[in-house]
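The values are calculated or read from the model by the stated rules, or taken from the named source; none is laboratory data. Computed from a predicted structure; not experimentally measured. All Cβ positions, even for glycine, are placed from backbone atoms using ideal geometry, and neighbour counts span all protein chains on display. SASA here: full protein model, heavy atoms, side chains in, ligands and nucleic acids out. Shrake-Rupley method; radii C 1.70, N 1.55, O 1.52, S 1.80 Å.
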Amino acid sequence: MFGHMKNIIAAAALICTAATVSAQGEYSQIAALRNANRGISGLRSTADGLHYTFRNGQGIAMRGYDGRPDEQLLLKVPFGYVDYAFSPDERYILTAAAEGSRPIYRHSYTANYYIAEVGGTPRRILEDARDVSFSPDGRTLAFARGNNLHLYDITTGSVKSVTDDGEWNSIINGTTDWVYEEEFGFTRAYAFSPDSRQIAYLRFDESRVPLFEMMRYDGNLYDKAYSFKYPKAGDTNSTVELWVYNLADGSRRKVDVGPETDQYISSLGWTPDGGLYFFRVSRKQDRFEIVVDRDGVQKVIYDEKAPQYVERKSADDVMFIDDDRFIVREETSTGYMHLYLHSMRRGRLNAITAGQWEVTQLAGSDGKRVWYISAEPSPLRRTLYSIRLDGRDKRRLTPEEGYCTVNPSKGMRYYISTFSSATTPGIVTVHTSDGKTVDTLRDNRPAVAAFGKRPQKEFFTFTTERGDTLNAYIVRPLDFDPAERYPVLLTQYSGPGSQEVLDRWNADWEDALPEHGYIVVCTDGRGTGGRGERFKKATYGRLGEIEVEDQLSLARYMARQEYVDPDRIGIYGWSYGGFMALGCAFKGDGLFKMAIAVAPVTSWRYYDTIYTEIYNGLPQENAAGYDDNSPINFAERLADRTRLLIMHGSADDNVHLQNTMELTRALNRAGKSYDMMIYTDQNHSMMPDDTANIRQKMIDYTLGNL
């Protein structure tokens, strides 16, 4: 629950952007427009499933799902806070203070924590702690500090250490190492048993993981190296063990996770009847297992294998619904992501969903039906359905065509939906489980309309020279005249399983360009998501080959349109998109007049094990897949007419500045000219310090060079 600090910081950055950027109708307006599309912050369902809590201007409030005007202020919080959590009995509220909080990596941070009874006054109980949560009986808090796991007794205020061998860059207990946090997306690596008598936790031994250093400047007279363990593709990962600690007597036991140590334990938890489960993933990520441990006796209750890889599963993709049955979202069986009902005793029972479309989210279940979001109407859209566990009586619950996300109540009696489309900003509504609308919490249409009429996305498809039909969108100036010729910017990400061409409302820096007479176009090429396993895995083992082909096809397609100036086509991307922008700029042989690459990967040899190896195999076994499409190795093909801007944060712990430095070495040796912006001490997102600066720079660079 305490895992969204970067989102809070980003939101704060957007709020203040309009005051920090000169009002020239540029990114400041886009940021203000984005801020006008507001959601409901901090939504939580109460245990009875009849009420929800949320953040308001004073603190933490509660309302009933039934729509009655009965809002109650549960806790007045006299300070800024990052996040909050209720104890299971809802007697206490835990808050993480914003002041004094410090981000670590993408999801992780330390903070000072306060606790209060509902209606009481918060008091500080923990300092510089992370990954804090309540035990099921509400008597204990578990937290991590100094690479060790600890327990805080709420009644006495005493602290007991579960582990004492934690050491920076060596041993981690109860939280994850860098690569697990980044790629498996979780940091709390422990779980209380349902009876609160035991706590299971992961122990990472990263002593043999190679050490990476990046310089920090921080306005000091002498710079300082920040050192952390980062396993690049093909290198040594942490050895991960699973332990169980007994809270009553302090004893512990090591859980058998199998004879293989070069593997991943990507999740852990407890089944409803008290069995400890964990996810086991092979190093090549071509096998995924769910293992249940009961007092040292192991049983594999789920085993999935795939020739290339098994798509990574989080805890959200597996749902235990009673003491025997559980649901899994997987694509290996049919080539499309679907839901399947399994028994811990009997194996697979039946498919719940089926068809040539993707289930994108397992939302919830009441033990009889399951609620899910899918791309059944179109890969561009997300729609909520419910269906019986036997696969019958499917009901569509969101009739609108667009993009829907949901926040379900406990027991699935209600859900809160956030809906938008390319032409409709976010609308937040409350519904009963059968889809009936109970209340409208927020309708952003009036606030967004106040900005005036703006260019809208138009969706289309085109066919590449190889015969592939790709989804795309185009944004034209409001005064578009088909008799004129316009410059075009291609924007894309293109990473495996990603999607940018979606029927949902958003706004970013590119949306300033149509105001200046530019066209913006985007396509999801082969390798992206929403269209099944075969389409997505087409890029396996050769990242940057066919995705580049598809972007070049789009550029050539646009160049043939009568309303496009074929000499003024540019391309932009960030991270994987930056890798793609470079590949297109170099392999395009002058097709592009301009390219912008932000925080780009320039060789997959420089990126981490989990992400890179699942999509590209190990470099020891697939050297060509790593080298043949590395922009470093064909930098000499950058055409003289192509203006190139490379931007990178010097403290990017994710895609290291090393990527850009090695690329510039190759460009320099080839005698190429380019532009570069370095953002000192900034991470991969450039948030919050340079959120506006970098986007305004991209607007200015495009206007000046395309």
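Using the alpha-carbon atoms, what tilt in degrees (0 to 90, nearest 10) does helix 27-36 show relative to the longest principal axis of the chain? Helix 27-36 and the main axis of the chain meet at about 40 degrees. Taken about its Cα centre, segment 496-564 carries a charge dipole of roughly 460 debye when the Cβ of each Lys and Arg holds +1 and the Cβ of each Asp and Glu holds -1. For the chain, the fraction of 1.4 Å probe accessible surface lying on carbon and sulfur atoms is 45 percent.
Let me make sure I get this right: for segment 596-706, a, b and c are the square roots of the gyration tensor eigenvalues over alpha carbons, sorted descending. Under 1.5 in a/c it's rounded, otherwise prolate if a/b > b/c, else oblate. Which is it? The shape class here is oblate.
With the simple model of a label 7 Å out from the Cα in the direction of the Cβ, residue 623 to residue 215 spans 3.2 nm. Count Lys and Arg as plus one, Asp and Glu as minus one, and take only other residues whose Cβ is under 12 Å from that of residue 552; the net charge is then -3.
A crude spin-label estimate for the pair residue 388 and residue 680, with each label 7 Å from Cα along the Cβ direction, gives 6.7 nm. I need the shape label for segment 227-353. Rule: rounded when a/c is under 1.5, else prolate if a/b > b/c, else oblate, with a, b, c from the alpha carbon gyration tensor. The shape class here is oblate. Please go through segment 248-323 and write out the GluC sites (Glu not before Pro) that DSSP classes as loop and that have at most 11 other C-beta atoms within 10 Å. Within segment 248-323, the qualifying GluC sites (Glu not before Pro) (loop, at most 11 other Cβ atoms within 10 Å) are 260.
The trypsin sites (Lys or Arg not before Pro) of segment 524-622 that DSSP puts in a loop, and whose beta carbon has at most 14 other beta carbons within 10 Å, are 560. Couplings for segment 98-109, taken from phi via the Karplus curve 6.51 cos²θ - 1.76 cosθ + 1.60 with θ = phi - 60°, read 6, 5, x, 6, 9, x, 10, 10, 4, 10, 8, 6 Hz in order; Gly and Pro are left as x.
Listed here are the pairs 160/224; 305/536; 284/537; 368/410; 536/593; which of them are more than 25 Å apart at the Cα? From 160/224; 305/536; 284/537; 368/410; 536/593, over 25 Å: 160/224; 536/593. With the simple spin-label model, which puts each label point 7 Å out from Cα in the Cβ direction, the residue 508 to residue 90 separation comes to 3.9 nm. Computed per residue of the chain from DSSP H runs no shorter than four, each worth -39500 (n - 2.57), the mean residue ellipticity at 222 nm is -4500 deg cm²/dmol. Once the Cβ-Cβ distance of residue 669 and residue 440 is raised to the sixth power relative to R0 = 60 Å, the FRET efficiency obtained is 0.50. Backbone geometry of segment 146-160 corresponds, through the Karplus equation with coefficients 6.51, -1.76 and 1.60 at θ = phi - 60°, to 3J(HN,Hα) couplings of x, 6, 10, 9, 9, 10, 10, 7, 5, 6, 9, x, 7, 10, 10 Hz, x marking Gly and Pro. Against the main long axis of the alpha-carbon atoms of the chain, helix 576-587 sits at an angle near 20°. With both residues required to sit in the chain, DSSP beta bridges show an antiparallel share near 85%.
Please get the size of the charge dipole for the chain, origin at its Cα centre, with Cβ charges of +1 on Lys and Arg and -1 on Asp and Glu, quoted in debye to the nearest 20. Write down the numbers at each step before the final one.
Details: 83 positive and 96 negative charges, 205 e Å.
Result for the chain is approximately 980 debye, rounded to the nearest 20.
With the other protein chains left in place, how much accessible area per residue, in square angstrom, belongs to segment 512-612 at a 1.4 angstrom probe? Intermediate values should be presented prior to the final figure.
On the way: 2440 Å² over 101 residues.
Value returned for segment 512-612: 24 Å² of accessible area per residue.
Take every pair of alpha-carbon atoms less than 8 Å apart whose residues are at least six positions apart; their mean separation over the length of the chain yields a relative contact order of 9 percent. With θ taken as phi - 60° and the Karplus curve 6.51 cos²θ - 1.76 cosθ + 1.60 applied, the whole-hertz 3J(HN,Hα) list for segment 455-472 is x, 10, 5, 10, 8, 8, 10, 9, 10, 6, 4, 8, x, 8, 9, 10, 7, 7 Hz, x standing for glycine and proline. Count Lys and Arg as plus one, Asp and Glu as minus one, and take only other residues whose Cβ is under 10 Å from that of residue 426; the net charge is then +3. Oblate is the label for segment 194-233. Its Cα gyration tensor axes, ordered a ≥ b ≥ c, give a/c of at least 1.5 and b/c at or above a/b. Protein heavy-atom accessible surface, 1.4 Å probe, per residue over segment 285-349: 43 Å².
Once the Cα atoms are used to define both axes, helix 691-705 deviates from the longest principal axis of the chain by about 20 degrees.
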